[in-house]
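The numbers here are math on the coordinates, done by the rules we state, and not lab data. Remember, predicted model here, so these are calculated numbers, not experimental data. Quick reminder, even Gly has a Cβ in these numbers, built from the backbone with ideal geometry, and neighbours come from all protein chains shown.
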Amino acid sequence: MSLVDIDHYVTLMMQRNQLPAFVCGAVVGAFLVLLAVQMSRRMRSSGLVDELRDQLAQLTAEVQGADRENEGLRSQIQGIGRERDLLHDKIKAQEGRIDALQLRADEISTVSERLSLELHETQARLKAELSARRKAQALIKQYSAQLNTISNSDGKIWIKPLSGSVVPFLPLSARRTAVISLANLKGGVGKTTITANLAASLASDGLRVLLIDLDQQGSLSNLCLLHEERANVKRSDCYIDNLFSEGGNLAALNRCVTQLRIMSGSGQLYLAPVREEFADLENKLMTRWHSGLSDEDIRFRLRGALHSPQLRDHYDVVLIDCPPRLTTGCVNALAASDYVLIPVLLEDTSAESVPRILSWLRKFQSTSCAELNVLGVVGNKANPRERLIAREQAIWNSLGDNCKDAWGDPVYFYKEIIREHSAIEGRLAALDPRYESRYRRLVAEIRQGIPHARLQSAAIHPLVGAPADGRRD
Ligand SMILES: Nc1ncnc2c1ncn2[C@@H]1O[C@H](COP(=O)(O)OP(=O)(O)OP(=O)(O)O)[C@@H](O)[C@H]1O
Ligand SMILES: [Mg+2]
C-alpha cells in the first residue's frame with residue numbers, strides 16, 4: 001500500500017468517524033513519520049532517478065550519436081559498395097578487353113608465325129633469285145663481251161670453221177631450183193628494189209618465184225605485200241623468223257610463205273616476209289652459236305629448208321634480199337645460195353663496197369659457202385641519159401680490176417645497167433610496160449649465167465638479146 005492509499009484511507013475513515021481521534025492522531029503521526037521517511041526516500045530516489053535520467057539522456061545522446069555515426073558509416077559503406085560495383089564493372093570490362101587482346105595476340109602470333117614462315121621462304125627465294133641473277137649477270141657480261149668481240153670482229157666470226165651438225169649442200173643439178181642472193185655490205189644500192197623487180201619479171205615469164213626477205217627492215221616485204229596481205233601475214237604470224245627460231249625443213253619454210261596478189265596472170269610470186277624482231281633472233285642465234293651453246297652450226301638453218309630435192313616441186317627460182325650487214329640471216333642466205341648478185345651504184349663510195357664483199361665471199365667459200373658463185377655486179381641508179389656519164393663510166397671500168405683482185409677471178413658486169421627513175425622508186429617497175437623490157441634484158445643475162453637451172457625452162461619466153469654497155473631504151 002502506497003502513502004497515497006493510506007492517506008486516502010485515513011481521510012476516508014475520518015470522514016466516516018469510525019476511529020477515535022487518538023487513533024486517528026497516532027495514525028496521522030505515524031503516517032507523517034512514514035511520509036517523512038517516504039519523502040526522504042523519495043528525495044533520495046528522485047536524485048538517483050535524475051542521475052539515471054541524465055545517464056539515460058547521455059546514453060540516448062550517445063546512442064543517437066552512434067546512430068548518426070552508423071548512418072554515416074552505412075552511407076559510406078553504400079558509397080564504397082557503389083564504388084566496388086563500379087570497380088567490378090570496370091574490372092569486368094577490362095577482363096573483356098584483356099580477353100579480346102589475348103585473342104588478338106593469338107591471331108597476331110599466328111599471323112606472325114605465318115609471316116615468319118613466308119619471310120623464310122621469301123628469303124630462300126630471294127637467295128635463289130640473287131644467285132640466278134648473279135649467274136645471269138655473269139652470262140650477260142659474257143654475252144656482251146662476246147657481242148663486243150662479234151661487233152668488233154667485223155664479221156670475222158662467220159669465218160669460224162664448221163662445227164656441230166652441218167646441213168650438206170645439195171648441188172643445183174640435183175635441185176634444179178636456183179637460189180640467188182642479192183648482197184652488198186653497202187646500204188641503199190638497190191638490193192631490195194632489184195630483187196623484187198627481177199622476181200616480178202621472172203614470175204611474169206611463168207616461173208614460180210620465191211622471195212625471201214632476210215633484212216629485218218622489211219623493205220622487200222613492204223614493197224611486195226598489199227595492205228590487206230600485210231594484215232593477213234600479221235594475223236597468221238607467217239614470217240621467216242619462224243623458220244629461224246624453230247629450225248626445220250621445206251615444209252616449215254612453206255608455212256612462212258604467202259602467195260602475192262601483186263602478180264596477175266600466170267605469174268606465181270611467193271614471199272617469206274620478215275619483221276623487225278628478226279634482228280633480236282639473229283643476235284640470239286649468233287651469240288649462242290659463237291659461245292658454243294648450240295650443237296647446230298647456225299649458218300645452215302636456211303639451207304636445211306632450201307636444199308631439199310622437193311624444192312623444185314614448189315618453186316623454180318629463189319631470190320633472197322640480204323641486209324647490208326653480215327648478219328645471221330645474211331650468212332644463212334649465202335650458205336644456202338648457188339649464186340650471189342651484187343648491185344652497186346655508180347659512185348665512189350658504193351664502188352668500194354664491191355671488192356669488199358667479194359673478199360668476204362672468198363673467205364666464206366673456204367668455210368660455209370664452198371659452192372657459192374658470183375653471178376655478177378649490176379649497176380643501178382645510173383643517170384637516165386642514153387649513155388653513162390664519164391664519171392660513172394670511169395667508176396664502172398675501174399671496178400673490173402678491183403673486183404678481180406678481191407675475188408681472184410674475173411667477175412661478170414651486167415651490160416644492162418638500171419637507170420635512176422622515179423617510176424622504179426618504191427614500185428615494181430618490172431610490171432610496168434614502160435620499163436619491163438629493161439628487167440627482161442637483165443633476166444636474160446642472168447639466165448645465161450645459170451645455164452643448168454630451171455630458170456632456163458622451155459616454158460619461159462624466148463630470151464631477150466643482151467644489150468650493149470650502158471645502152472638505154
Ligand atoms: N633505179 C632506181 N631508180 C630510182 N630509185 C631507186 C632505184 N633503185 C633503187 N631506188 C630507190 O633507192 C632506195 C634504196 O633502194 P633499196 O632499198 O632497193 O636499196 P638496198 O640496197 O636494198 O638498201 P638497204 O641496204 O638499206 O636494204 C629506195 O628508195 C629505192 O626505191
Ligand atoms: Mg634492202
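Data table
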| item | result |
| --- | --- |
| Net charge of Cβ neighbours under 13 Å - reference Lys90; Lys, Arg +1; Asp, Glu -1 | 0 |
| Radius 12 Å from Cβ of Asp205, net charge of other residues (Lys, Arg +1; Asp, Glu -1) | +2 |
| Global form of region 252-401, assessed from the alpha-carbon gyration tensor, a/c cut-off 1.5 | oblate |
| Global form of region 22-136, assessed from the alpha-carbon gyration tensor, a/c cut-off 1.5 | prolate |
| Furthest towards positive pole of dipole, Pro384, Asn397, Cys369, structure part region 354-406, Cβ charges | Pro384 |
| Furthest towards positive pole of dipole, Asn249, Val331, Asn197, structure part region 175-448, Cβ charges | Asn197 |
| 5 Å binning of all Cα-Cα separations within region 208-268, expressed as whole percents from 0 upward | 4, 17, 27, 28, 18, 6, 1 |
| Helical contribution to [θ] at 222 nm, DSSP H n ≥ 4, -39,500 (n - 2.57), averaged over the chain, rounded to 500 | -19500 deg cm²/dmol |
| Neighbour-limited loop hits for chymotrypsin sites (Phe, Trp or Tyr not before Pro), region 234-312 (at most 13 other Cβ within 10 Å; DSSP other than H, G, I, E, B) | none |
| Relative contact order (%) - criterion: Cα under 8 Å, at least six apart; region: the chain | 18 |
| Cβ charges +1 (Lys, Arg) and -1 (Asp, Glu), total dipole of region 175-448, debye | 400 |
| Pairwise centroid distance, computed over Cα atoms, of region 81-111 with region 126-155, Å | 62 |
| Footprinting exposure proxy for Thr195, Thr149, Thr367 (fewest neighbouring C-beta atoms within 10 Å first) | Thr149, Thr367, Thr195 |
| Region 175-448, relative contact order [Cα under 8 Å, separation at least 6], % | 27 |
| Vicinal HN-Hα couplings computed from phi for region 328-338 (Karplus, 6.51 cos²θ - 1.76 cosθ + 1.60; Hz; Gly/Pro x) | 4, x, 5, 5, 4, 4, 5, 5, 9, 8, 7 |
| Tensor-based shape of region 175-448 (alpha-carbon gyration tensor, a/c under 1.5 rounded, otherwise prolate or oblate) | oblate |
| Calculated on alpha-carbon atoms, Rg and Dmax of region 54-93 in Å | 16.6, 56 |
| Geometric extent, Cα atoms of region 378-434 - Rg, Dmax (angstrom) | 13.8, 40 |
| Other-chain or far-sequence residues with amide H under 5 Å of Ile212's (modelled H) | Ala272, Leu319, Ile320, Asp321 |
| Between region 247-289 and region 427-444, the alpha-carbon center distance in angstrom | 25 |
| log10 of Debye I(q)/I(0), alpha-carbon scatterers only, for region 343-460 at 0.12, 0.17, 0.21 Å⁻¹ | -0.52, -0.97, -1.24 |
| Glu296 long-range amide H proximity, modeled H, under 5 Å | Ser165 |
| Overall dimensions of region 239-318 by Cα: Rg and Dmax, Å | 14.4, 49 |
| Share, in percent, of DSSP beta bridges within the chain that are antiparallel, nearest 5 | 5 |
| Bridge type composition, region 175-448 - antiparallel percent by DSSP, nearest 5 | 5 |
| Protection proxy ranking of 246-253, 414-421 - average other beta-carbon atoms within 10 Å, highest first | 414-421, 246-253 |
| Using alpha carbons only: equivalent-ellipsoid semi-axes of the chain, gyration tensor based, whole Å | 137, 24, 20 |
| Dipole magnitude of the chain about its Cα centre (Cβ charges: Lys, Arg +1; Asp, Glu -1), debye to nearest 20 | 1760 |
